[in-house]
Structure formats: C-alpha cells, structure tokens
Amino acid sequence: MTGSAGALQGTLRAVAVLEAAKGLLVLATGFGLLSLVHRDVQGLAERLVRHAHLNPAAHYPRIFLELASGATQARLMVLAAGAVAYALMRVVEAYGLWRARGWAEWFAALSGSIYVPFELAGIARHPNWLGVILLLVNVLVVAVMLLALYARKRT
C-alpha cells in the first residue's frame with residue numbers, strides 16, 4: 001500500500017469508528033427510551049428539572065417538560081425502534097468503511113451530505129461553535145468519502 005493509499009485507509013477507518021460510535025450512542029439512547037415505557041415520564045422529567053435546580057419556566061427546561069408530557073408509551077416504542085434502525089444503519093456503514101467497501105463510501109458520502117444544509121441553516125439561525133464544528137466534521141467526512149470514491153475509480 002502506498003503512502004497516500006495507506007493514509008486514506010486510515011482515514012476511512014477513523015470515519016468508521018466515528019460512525020460506529022454514533023450508532024452505539026443512538027442505540028444506548030433507544031434502550032434508555034425503552035426503559036421509560038410503563039413509567040411516569042412527566043413526573044420523572046419534573047423531578048429531574050427540580051434535582052438540577054433548573055427553572056421549569058425557562059426556555060430549555062420548559063421544552064423538555066413539554067416533550068415529556070407528550071411521551072406516550074406508543075411514541076416511546078416508535079422512537080426506540082427508530083433508534084435501533086438508525087444504529088443498525090450506522091454500524092453496517094462502519095463495517096463497510098472499515099473493510100473499504102465502495103458501497104459504504106457512497107452511503108457515507110450521501111448520508112453525510114444530507115445533513116449539511118440543515119447544519120448550515122442551524123448555524124444561520126443560532127451561530128455557535130458546536131454547530132460550526134459539527135458542520136466542519138461532516139464536510140470533512142463527505143470530502144474524504146468523495147476522495148476515496150475518486151481513488152477507487154482511478155484503480
């Protein structure tokens with residue numbers, strides 16, 4: 001493997017680790033949602049806000065409490081199922097990138113580029129460093145995937 005091909009392989013593996021981590025985080029969130037089924041989500045949210053000494057009338061705690069009030073058992077199950085599906089998709093993508101599969105490079109380029117307009121809109125509405133960093137990481141991932149696809153086409 002030449003130097004640039006080895007560097008590209010290493011970068012693909014780094015993106016694979018990132019995608020696997022995203023998938024596992026969302027999977028853990030899905031299991032967390034499942035643990036709330038048959039529980040008083042509204043009461044739990046209110047206790048959490050009180051425990052954190054937050055003002056329930058403030059913007060973000062109020063949004064959190066409103067979301068909790070609408071958390072039905074069916075919604076929790078649907079959200080948990082969606083989290084499992086998303087996590088599975090990310091883990092399969094990570095496997096494909098780790099093994100340098102062309103389909104995974106295409107998938108990563110397409111799925112990464114879908115988020116860019118939303119990230120730009122979010123930064124335009126509420127500029128913050130986290131949004132800028134996420135945008136830059138996403139653009140970098142898409143660029144790496146396009147570079148990998150170009151290198152694949154040349155061989």
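Note down the relative contact order for region 34-155 as a percent, whole number, built from C-alpha pairs under 8 angstrom at least six residues apart. Relative contact order here is 20 percent.
Could you give the angle, 0 to 90 degrees to the nearest 10, between helix 3-35's Cα long axis and the longest principal axis of the Cα atoms of the chain? Here the helix axis deviates by roughly 20 degrees. The apolar share of the surface of region 48-107, taken as the fraction of accessible area on carbon and sulfur atoms (1.4 Å probe, ligands and nucleic acids excluded), comes to 72 percent. Helix 41-51 axis versus longest C-alpha principal axis of the chain: approximately 90°, rounded to the nearest ten. Solvent exposure of region 1-77 amounts to 66 Å² per residue of accessible area, where only protein heavy atoms count and the probe is 1.4 Å. Here is the list for region 67-137: trypsin sites (Lys or Arg not before Pro) lying in DSSP coil, each with at most 16 other C-beta atoms within 10 angstrom of its C-beta, are R99, R101. Counting only alpha carbon atoms, the long axis of helix 129-154 and the longest principal axis of the chain meet at about 30°. Counting only heavy atoms of the protein chains and using a 1.4 Å probe, T11 has close to 50 Å² of accessible surface.
Taking one quarter of the surface of the C-alpha convex hull of region 11-78 gives a mean projected area of 6.0 nm².
The values are calculated or read from the model by the stated rules, or taken from the named source; none is laboratory data. Keep in mind it's a predicted model, so treat the numbers as computed, not measured. Using ideal geometry, Cβ is built from the backbone for each residue, glycine included, and neighbour counts are taken over all protein chains shown. The accessibility values were calculated without ligands, DNA or RNA, using every heavy atom of the protein model including side chains. Shrake-Rupley method; radii C 1.70, N 1.55, O 1.52, S 1.80 Å.
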